[in-house]
Structures are given as C-alpha cells and as structure tokens.
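Heads up: the structure comes next, in structure tokens.
The values are calculated or read from the model by the stated rules, or taken from the named source; none is laboratory data. If you're wondering where the values come from, they're calculated on a predicted model, not measured in any experiment. All Cβ positions, even for glycine, are placed from backbone atoms using ideal geometry, and neighbour counts span all protein chains on display.
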Amino acid sequence: MIPSITVDGIWTSPLVQVVDVMPNGVYAYMLHDYQTALYNYKPRSLFISNDKLDDTKGYPEMVPFSPRPGVKLTEKLQWFWFGQIMLSYFGHSDLSRLAATQEDFIKNAWRGLTKGHTAFTNGAGTDTRRCFITNANPDESMPILWENTCGGMTVELYDSVKHYRLSTYWYQVKALDPAKYEIWKGWTYLDHPQYFTKATNATPYGYNGGFTRVGPWRVDPIHYLGGRDVPVPIMATGGAVYVNADRVRLLEPGEMWPRPYNP
C-alpha cells in the first residue's frame, strides 16, 4: 500500500512544472556534458574512442555529488520515488486507478530505472535487493540511491560560497534528508523541482536526429518513460552534498527556470 503522501494520500497534478521562475534563494544549473571542459565540450559518448561507449548511442549525463555514501531506500522512500514516476507518466500517483497493463508498464519502468547496472542505484539495485514496489527479493538488504544528479538540472544551494575541499572548489547543495521525511513526504518534482533530477541522456545526435560530431547536440529524457520526465529524488543524509563548481552556472534572481533538455 502506498503511504499517505499528501493530505488525501494521492498526488494529482497537471503535467506542468509549477515553478517557472527562480524563487528566493541561490540556484545553480548543472551544465550539460557538451558544455564542460571535463568532456572536451562533447557528449560523453564522443569524448573518448577507446572506452566501452558506443558512439552511436546516448549516455546518461550523470553529475556526481560528494560525498556519496548512498541512501538506503526504505519502503517509504521507494514508494515516494515510485509515486513521482507515476505522477510524471499518468498525472497522478493512485496505483488503484491503473489497468493491469498500465501497472505492468510503470513497474517495468521502475525495474529498469532502479536496477543495479544503472547509474542511480549502481551495484545496489532493486533487481538484487529488496523491492517493495514489486515485492522482489524480500530477504535481501535495501537498495541504495547514490548522491548524484544530471546535466540540465537546477538545484538550490545553501549559499554562493565556493568551498575548498578535495583540492578543488565546490558549492553546497540542498538535498532531501531521509531523517526529515515527514516534512517533505508530500513534495513532488513539479512543486519542488530543485530537489529532484529529471534524468537526462546526452546523445551524439543533432536536432534533426542525425549523427553529428560537431553539434549542436540533442539532450533527451532518459528512456524509461517513453519521452516523459523521469524524476529521481535528490537525497542525502543530513540534507547536504557538494557539487564541483566547474560543473555549474549560478543563476540570476528572476531568471526563468532552465529547461533540462536540448532543444
């Protein structure tokens, strides 16, 4: 059973982000792979030719946070995340309203997104650990959500100070603290977008769909929801992580909320 996550226990919302202009606070935009020197201003799959990447495929635009001990996905945290992907695809989080084929689809999307060889739950996914959504592996330990986000995302910072640590400069990012679940259990990726990743995929394709080594390059939603937003909560013990300052652009007050995809 899905735990109560709003006053009436269900999220129902139009598929439109509620926040469209920077609210009060300090916000940072995560640069796409092709906007960074780290990948020589190319999509990741074109960055180097002697690795295991296929130049004809896209690659998740992962932006790691630090530190990264991981967050154990308890029953309530799994349902919280699963409710977000339901909201994105169906416009609500009421599992009882779904036909059998719809339930199969969204649970298969969950399996794909949270399996152990995807970036968000790498090495500790629901395919081998306990999954409350599909009732799989009941005797195993909890899966782990790693602390990261994707290119194209906007996050809220604690301040605009660059913190020197690990021989470079970082900004401190606000995250959902699992210990304070009761405070944010009713939040969604639409009304609190700074606390969620919309998973993005860097592609070697241009706007017309053709392969290109010179760009401009397309950035798409990761594929699990058929082109819809794939929301992933940004969680961290203590509610704070760091992001490398070279990977972000600070946003101006009143600036429009950046679109995560390109174009």
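Brief remarks on what is shown
- Where a residue in region 83-111 is crowded, with 20+ Cβ neighbours inside 10 Å and of a type in the set (F, W, Y) and its partner, wherever it lies, is at pLDDT below 95 and part of a helix (DSSP H, G or I), with Cβ under 6 Å and at least six apart: none
- When T149, T128 are checked against the criterion of being buried (at least 17 other Cβ atoms within 10 Å of the Cβ) and either among the β-branched types (V, I, T) or not in a strand (DSSP E or B) (or both), T149 stands alone in meeting it.
- Qualifying residue in region 244-256 (condition: buried (at least 17 other Cβ atoms within 10 Å of the Cβ), aliphatic (A, V, I, L, M), closer than 25 Å to Q78 by Cα and modelled with pLDDT of 95 or more): no
- Matching residues in region 186-218 - criterion: being under 17 Å from the mean Cα position of the chain (by Cα), charged (D, E, K, R) and either modelled with pLDDT of 95 or more or over 28 Å from Q84 (Cα atoms) (or both): K198
- Region 131-146 - residue that is outside any strand (DSSP E or B) and hydrophobic (A, V, I, L, M, F, W, C) and, of those, nearest to V232 (Cα to Cα): W146
- Of all the residues in region 41-73, those that are in a loop (DSSP other than H, G, I, E, B) and farther than 22 Å from P263 by Cβ number 13.
- Checking region 98-114 against the condition returns a match, with at least one residue being of a type in the set (F, W, Y) and either modelled with pLDDT of 95 or more or under 15 Å from the mean Cα position of the chain (by Cα) (or both).
- L31 vs. criteria over 22 Å from V230 (Cα atoms) and surrounded by 12 or more Cβ atoms within 10 Å (Cβ to Cβ): no
- Scanning region 167-194 for residues that are among the basic types (K, R) and part of a strand (DSSP E or B) turns up just one, K174.
- Within the option set G83, G112, G91, G116, being touching a Leu at 6+ places or on another chain (Cβ under 6 Å) and outside the structural domain of T154 (by TED's automatic domain parsing) holds for one residue only, G91.
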